[in-house]
Amino acid sequence: MAILEVKNINKSFGRNHVLRGIDFTLEQGEVLSIIGSSGSGKTTLLRCLNSLEFADEGKIIVNGETIFDGSVNKRPSEKELMQKRLHFGLVFQNFNLFPQYSVLDNVTLAPRLLTKDSREQIEREALELLESVGLADKRNNYPCELSGGQQQRVAIARALAMKPNILCFDEPTSALDPELTGEVLKVIRSLADRHMTMIIVTHEMSFAHDVSDEIIFMDGGVIAARGGPAILDNPTSDRLKAFLTSF
Amino acid sequence: MNTFAEQFPIVFQALNVGFLQTLKLFAVTLLGAIPLGLIISFGSMSRFKPLSMLVRVIVWIVRGTPLMLQLLIIFYFPGLVFGKQLWGGGESGRFIASAVAFILNYACYFSEIYRGGIQGVPVGQQEAGQVLGLSKTQIFFRITLMQMIKRIVPPMSNEIITLVKDTSLARIIALQEIIWAGQAFMKGSQGISGAIWPLFFTGVYYLIFSGVLTLLFGWVEKKLSYFKV
Ligand SMILES: Nc1ncnc2c1ncn2[C@@H]1O[C@H](COP(=O)(O)OP(=O)(O)OP(=O)(O)O)[C@@H](O)[C@H]1O
Ligand SMILES: [Mg+2]
């Protein structure tokens, strides 16, 4: 059984029909990359998965549990929403670290508020996560004291601390200076090696090619092409071909 | 009593009494305006349009007219219209009227500062909390609030230091604050008349008081400087 099933997601902002019937499935441990030009609905799709936005139509099923069903009109309660969001993690383009907390506290905040684990255990696990993104030595620093690449790596550790089933990335390196993208991509790659299930929206084509099990090309709110990394070498659709030549 | 040395103890005593009234008005204004400003700011951000419009019009009127005028209206209006002194007579009536005018006026200024502080926290902060599974209350108290406070401290300290000096406006309805106390020695009081230095000397009180507040707010800002928003 797939860990994630997305069925016929439709979403409009006013008269702007942004997502027009998005369908895909994702297997446990797989990496899915989503590419596509600006405005094609990639961010909106991730926001729907993370319940930051609600689709008008469609279904989202995680591990067999329906976490969104557009045919049900009832708005979920806050408790239900909090529960649904735990299935996913989201790493933002511009990090969104909490500026008033140290690196360690950024990572431990949610587990301290939401789990019953002891503080020692939470901090031990947080330090292991920081170790894995290469920032254990920065644990007492504040976000403003870090480079963009370091902030994004903390954001990844923070997202992992709640042990999401699926970790989503929205252009995790787009806000970084080119020389800093490498360190973040390396961390994501190491997560892929450890079979973390991930959905990555990215403009880094060679990275997507290397790291992905499957690639989706979105255009105008639909999935215009999909397949293994090979579709980047031999594009199966003209629109994808046109998109790729723009790089 | 003509020598400065003879006048000083009497004047000092009288100015201290006046300054106590100044301090009282200052403290009561803050106690009332800090929470009322928060309520007004929520009103002005309400999604219920008629409410937010109404609140914004009130804020516009209060911020767009002189505090001195508001003091006069609030003090005299009930008496003129209802023929009855709503505030009670004497010094305590003048104090209550002053406090009402100051609280209303400063609450409107504070509300705008709060609004800027609340709306200035990027939505991304809230969303980062949401995707971690935090509740709205947790997000407000653990994430947004501190950033809001950091944003509002500098403009709030400006307003509060302005309030120190604005309390003297209550002189217009003869509240016996420090300016009133200093002026009394020009007309004649306790055997001293025609003395202008007591009025000038009140400036020393204002300087010391605003100086202390400046240091205090500087310290708070420094305490909050460990992070950037
Ligand atoms: N909150 C919103 N309200 C109204 N329109 C929105 C909102 N969010 C997104 N849109 C619109 O939805 C469309 C898709 O936006 P989205 O951010 O999902 O695109 P994207 O593929 O992520 O683009 P980019 O590569 O620039 O990040 C755009 O036309 C955008 O203007
Ligand atoms: Mg986007």
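Just so it is clear, none of the values below were taken in a lab; they were calculated from the coordinates. No experiment lies behind these values; they were computed from the predicted model shown. A quick note on method: Cβ atoms are made from the backbone with ideal geometry, for glycine too, and the neighbour counts reach across all protein chains shown.
What share of Cα pairs, in percent, lie more than 27 angstrom apart in chain B? Summing the P(r) tail past 27 Å for chain B gives 47 percent.
The phi-based Karplus calculation (6.51 cos²θ - 1.76 cosθ + 1.60; θ = phi - 60°) puts the 3J(HN,Hα) values of segment B:191-208 at x, 10, 9, x, 8, 9, 4, x, 5, 4, 5, 4, x, 4, 4, 4, 4, 5 Hz, whole numbers, x for Gly and Pro.
Return the calculated 222 nm mean residue ellipticity for the protein assembly as shown, to the nearest 500 deg cm²/dmol, obtained by summing -39500 (n - 2.57) across DSSP H runs with n ≥ 4 and dividing by the residue count.
-18500 deg cm²/dmol
Note on segment A:96-163: percent of Cα-Cα distances in each 10 Å bin, starting at 0 and stopping at the bin with the largest distance, equals 24, 60, 15, 1. Dimensions of segment B:131-199 along the principal axes, based on C-alpha atoms and rounded to the nearest Å, stand at 73, 18, 17, largest first.
Here the alpha carbons of the protein assembly as shown define both size measures, Rg and Dmax, at 31.1, 105 Å. Measuring r between the beta carbons of A:GLU80 and B:LEU80 and using R0 = 51 Å, the FRET efficiency lands at 0.30. Comparing chain A with the 2.2 N^0.38 Å rule of thumb, its C-alpha radius of gyration ratio is 1.01 (two decimals).
Could you work out the local net charge near A:CYS168, counting Lys and Arg as +1, Asp and Glu as -1, over the other residues with Cβ closer than 12 Å to its Cβ?
Details: positive: A:LYS42, A:ARG47, A:ARG85; negative: A:ASP170, A:GLU171.
That works out to +1.
Across segment B:177-185, computed HN-Hα scalar couplings (Karplus, 6.51 cos²θ - 1.76 cosθ + 1.60, θ = phi - 60°) run 8, 5, 5, 4, 5, x, 5, 4, 7 Hz from first to last residue, x flagging Gly and Pro. Each label point was placed 7 Å from the Cα along the Cα-to-Cβ direction; for A:SER237 and A:SER190 their separation is 3.6 nm.
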